[in-house]
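The values are calculated or read from the model by the stated rules, or taken from the named source; none is laboratory data. On a predicted model such as this, the values are computed, not experimentally measured, just so you know. Here Cβ is always computed from backbone atoms with ideal geometry, including for glycine, and neighbour counts include all displayed protein chains. Areas reflect the complete protein model, heavy atoms only, side chains present, ligands, DNA and RNA absent. Shrake-Rupley method; radii C 1.70, N 1.55, O 1.52, S 1.80 Å.
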Amino acid sequence: MAAETAKVDPMHQFTIEPLLGANMDVAGFNIAFTNSALWMLITAVVLWVFMLGGMKRELVPGRWQMTVETFTGFIDDMLEANVGKEGRKYVPYIFSLFMFILFANLLGLLPLGIVGLHPFTFTSHFTVTGVLAILSFSIVLIVGFWKHGFHFFSLFVPHGTPLPMIPIIFPIELISFLVRPFSLGLRLFVAMMAGHVLLEVLSSFVIDGWNAGAGFGLLVGVPSFLLMIGICALELLVAAIQAYVFALLSSLYINDAENLH
Amino acid sequence: MPQIAQLAETYASQIFWLLVIFGFVYFVVGRGMVPKVMDTVGLRDKQIADDLSAAQAARDAADEAEEAWRKRENANREAAQALVSKAKGKAQVSTEGKLAEVQARIDAQLADAEARIEESRAAAAAEIESVAAEAAQDITARLANVTVTETEARSAVQKAMAHG
């Protein structure tokens, strides 16, 4: 029994558990309020509180206001650089996307296990990242067809393609375009899941090592713990980078829709 | 892998709550708060730009005032210089006039004196001539017992004197 409880399942952290309304069905779909939904809510509330600091609207900003303005300026600059002047109207969407993913990634890394709570990283579920990717992709499609009509298909024929090459280039470009939402969603999901699994596996090395005796503890536990500290720093970096990559690629795809080639 | 194992039972809940909560984030945070934050930044940038341009305008005005002052200063200096040179010219003219007057007086005196000297010299020369002619008449009469008329003696003397 003791051996069984000591066993760490690195995948258990991704388990979704219904908290409220486990049998809440709408039109045959179960929409129970789960731990995943709870952490989405926490992320949204934390983000909202964070943004309140930017609402002081002082002429000379304090630290908090400055931080919020730095983030909005960052997204604004990114869209201006990648899309141009028309990019400004996407700032609300890209900002929401970036901050929501960033806060979700960072909150999911909080060491709340120390006080007995279980942080849940919903960005490690492809159902979530997939929906976000499909949202971005839908915006690209809607904007593209709205602005350019069927001319939008010229996106799949790069400038200067020789006429005989078009039948070959067109399907290749079309497939690479259609793969975008998958790569966008999977990249974030895989990066977050891999990092969390790695941390869990290393922590199980630490625990099992010390459980097996001081010798194993020193041989396996201590190096694993040191590695874990490094990986934690790396995961913080990855949390920010993946949010940035998601927002950057979304804005690049939007640029395709806005400006074609 | 719970992501796949629980897919069938949880996908609806995941998608539903994500759309609800991300929708909240998009409309409240993205649409509601971000534009205000960016407005604040824009307002601040505008204020800074305005202040800078006001400072530039004030500086331009100062430069302009300095330029005008310099122009006025130069004009004043020129006027003063003109006044000075005019006074100088006037003084010079009057000095020259006085000098010319004095010079004329001196010249007149000089000419007068020279005329007098010339007169005296002519008188003296005439006297010497007549004395020499008399002396020559005398000498010829005494040494050679030749009587020379006064006119002859005078012409001889004049010839000798012309030869120097």
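FRET efficiency for B:Ala8 and A:Glu58, Cβ-Cβ distance as r, R0 = 51 Å, nearest 0.05? Write out the running numbers ahead of the final one.
Values: r = 51 Å, r/R0 = 1.00.
Using R0 = 51 Å, I get an efficiency of 0.50.
Across chain A, C-alpha contacts under 8 Å between residues 6 or more apart give a mean separation that, scaled by the residue count, equals a relative contact order of 24 percent. The alpha carbon convex hull volume per residue for region A:36-86 rounds to 105 Å³. Take the convex hull of the alpha carbons in region B:107-159; its mean projected area over all directions comes to 3.9 nm². A viscosity of 0.890 mPa s and a temperature of 25 °C, combined with the Kirkwood radius over Cα pairs in Stokes-Einstein, give a translational diffusion coefficient for region A:114-162 of 174 µm²/s.
The distance from the alpha carbon centre of region A:185-261 to that of region A:33-62 is 24 Å, rounded to a whole number.
For region A:3-116, what is the accessible area per residue in Å², given a 1.4 Å probe and the full set of protein chains? Working shown, then result.
Values: 5670 Å² over 114 residues.
About 50 Å² of surface per residue is accessible.
Note on chain A: with a GNM built from Cα contacts shorter than 10 Å, the maximum mean-square fluctuation among A:Val26, A:Val245, A:Val131 falls on A:Val26. Taking each DSSP H run with n ≥ 4 as -39500 (n - 2.57) and averaging over every residue of chain B yields -33000 deg cm²/dmol at 222 nm. Of the residues B:Ala65, A:Ala81, A:Gly130, the one whose Cα sits farthest towards the positive end of the charge dipole of the protein assembly as shown is A:Gly130 (charges of +1 on Lys and Arg Cβ, -1 on Asp and Glu Cβ, taken about the Cα centre). Rg/Rh for region B:2-163: what does it come to with C-alpha atoms and Rh from Kirkwood? Rg/Rh for region B:2-163 comes to 2.07.
With Cα atoms as the point set, the radius of gyration and Dmax of region A:1-117 evaluate to 19.7, 64 Å. Of the GluC sites (Glu not before Pro) found in region A:30-135, those in coil by DSSP whose Cβ has at most 14 other Cβ atoms within 10 Å are A:Glu58.
Among A:His196, A:His159, A:His118, the largest mean-square fluctuation in a Gaussian network model of chain A, built with springs joining Cα atoms closer than 10 Å, belongs to A:His159.
Helix-only arithmetic for chain A: the sum of -39500 (n - 2.57) across DSSP H runs with n ≥ 4, divided by the residue total, places the mean residue ellipticity at 222 nm at -22500 deg cm²/dmol.
Extending 7 Å from the Cα toward the beta-carbon at both A:Val46 and A:Ile231 defines two label points whose distance is 2.1 nm. Dividing the alpha-carbon radius of gyration of region A:17-59 by the rule-of-thumb value 2.2 N^0.38 Å gives 1.74.
Give me the Kirkwood hydrodynamic radius of the protein assembly as shown, using the inverse of the mean 1/r over all pairs of distinct Cα atoms, in Å to one decimal.
Details: mean 1/r = 0.0320 Å⁻¹.
After inverting the pairwise mean of 1/r, the radius is 31.2 Å.
So between B:Leu19 and B:Trp69, what do we pick up on full extension, going 0.36 nm a residue minus the alpha carbon distance? Provide the component values of the computation, followed by the final result.
Numbers: separation 50, 0.36 × 50 = 18.00 nm, distance 7.10 nm.
Difference between extended and current length: 10.9 nm.
For region A:3-259, the fraction of 1.4 Å probe accessible surface lying on carbon and sulfur atoms is 75 percent. When the Gaussian network model of chain B links Cα atoms closer than 10 Å, the mean-square fluctuations of B:Ala135, B:Ala113, B:Ala54 top out at B:Ala135. Put simply, chains A and B cover up around 3800 Å² of each other's accessible surface, both sides summed, when a 1.4 Å probe is used.
Taking 0.36 nm per residue of separation and subtracting the current Cα-Cα distance, fully stretching the chain between B:Met1 and B:Gln158 would add 40.3 nm.
Overall, the protein assembly as shown carries a charge dipole of about 1180 debye about its Cα centre when +1 sits on the Cβ of Lys and Arg and -1 on the Cβ of Asp and Glu, all other atoms neutral. Charging the Cβ of each Asp and Glu at -1 and of each Lys and Arg at +1, and nothing else, the dipole of region B:2-163 about its Cα centre rounds to 940 debye.
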